[in-house]
Amino acid sequence: MFRPSKSKFSNRPKTRVALAANLIFGAAFILAGCFILSGCSGEPLSTREKGTLGGGVLGAGAGALVGAAVGHPAAGAAIGGALGAGTGYVVGNSLQNQEVTSQQQQGQIQYQQRAIQSQRRQIQALQSEQSTE
């Protein structure tokens, strides 16, 4: 009967190995986040970008937790990050479209208010001309 030989690492608790892997993954994730954020330092992030970034971070965190439970934190974080970024993009895009629509409506309201004020001044000028005649 074939019995695999025991490794000298097999007696060590797996929690140490998992902890080390999680620390390395966490450091790499933070470093990647710093690079991403430093690339966006020229202008403020749009609502769509904020949603994508926030969704990716939350998804990666949740994915890492779920992945750690099944023994694959890096794969869980990668899958969760991708799904979270996609969801964050959809939500951020929707919010940004609402902001643009709101800004356009606000511009139209201001234009109409200026037109009304102009027409009121014209009416007052006509009334004052009629009263002086």
Gly59 vs (1) modelled with pLDDT of 90 or more; (2) buried (at least 17 other Cβ atoms within 10 Å of the Cβ): all pass except (1)
When restricted to Leu58, Leu45, the only residue under 27 Å from Gln98 (Cα atoms) and assigned to a helix (DSSP H, G or I) is Leu58
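Would you please name the residue that is nearest to Ala60 (Cα to Cα), looking only at residues in the range 91-122 that are among the aliphatic types (A, V, I, L, M) and free of Cβ contacts under 8 Å to residues at least 12 places away in the same chain?
The qualifying residue nearest to Ala60 (Cα to Cα) is Val100.
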| query | Quick one: is Leu83 within 15 Å of the chain's Cα centre (by Cα), assigned to a loop (DSSP other than H, G, I, E, B) and at pLDDT 65 or above? | reply | no
Checking the structure you have, find out if any residue of the range 16-35 is exposed (fewer than 14 other Cβ atoms within 10 Å of the Cβ), at pLDDT 65 or above and closer than 30 Å to Ser102 by Cβ. no
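The values are calculated or read from the model by the stated rules, or taken from the named source; none is laboratory data. In this text, all values refer to a predicted model and were calculated from it rather than measured experimentally. Heads up, the Cβs are rebuilt from the backbone with ideal geometry, glycines too, and the neighbour counts pull from every protein chain shown.
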